[in-house]
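The values are calculated or read from the model by the stated rules, or taken from the named source; none is laboratory data. Keep in mind that this is a model prediction, so the values were computed, not measured. Positions of Cβ are backbone-derived with ideal geometry, glycine not excepted, and every protein chain shown enters the neighbour counts. To get the accessible areas, we keep the full protein, side chains included, count just its heavy atoms, and leave off ligands, DNA and RNA. Shrake-Rupley method; radii C 1.70, N 1.55, O 1.52, S 1.80 Å.
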Amino acid sequence: MQLPPMLRAVQQQQQQQQLLQQQQYVEQEEKKQEISLSDIGYDVIDLVGEKFKKAAPYVNKTLEWGWFPLVMWYGLKQGTHKFYPADVSSLPEDMQDCPMERTASWTDAIPFIGSHGSSRPGLLPSSD
């Protein structure tokens, strides 16, 4: 049996509203399931901050001052120090204006009193 056109329009409108409500419900459920990674990170930071309030200053100081020795150690293992030799008499003529290389020393990083530009590795006498 067919409904009159007015009732049929009302029924279609109700069906459309139900579909829209279902879609909105599904979208809300998906949003609830999507948890932002940054939100989780902030929650973890807050939780750790609450649990370890006394340790936080020590951790901060360790991170603040601990990176420099690590960078120095890595640089000394990986880097080289370029210098111009003071005595070029033992070098071939075409290499006299070229910089030479040697392994880096911890005193290379000291301003003014370090071994900047020196062929000798550091201030202390070496056994070379």
Largest first, please: the extent of the C-alpha atoms of the stretch 1-78 along each principal axis, to the nearest Å.
90, 36, 14
How about the stretch 1-96: which trypsin sites (Lys or Arg not before Pro) there lie in a loop by DSSP and see at most 13 other Cβ atoms within 10 Å?
Lys53, Lys54
Per-residue accessible area for Leu91 at 1.4 Å probe radius, Å² rounded to 10?
40 Å²
Can you compute the FRET efficiency between Val26 and Leu3 using 1/(1 + (r/R0)^6), with r the Cβ-Cβ distance and R0 = 35 Å? Round to the nearest 0.05.
0.75
Compute and list, largest first, the equivalent-ellipsoid semi-axes of the stretch 42-116 from the alpha carbon gyration tensor, each √(5λ) rounded to a whole angstrom.
47, 12, 7
Residues of the stretch 13-91: accessible area per residue at 1.4 Å, in Å²?
97 Å²
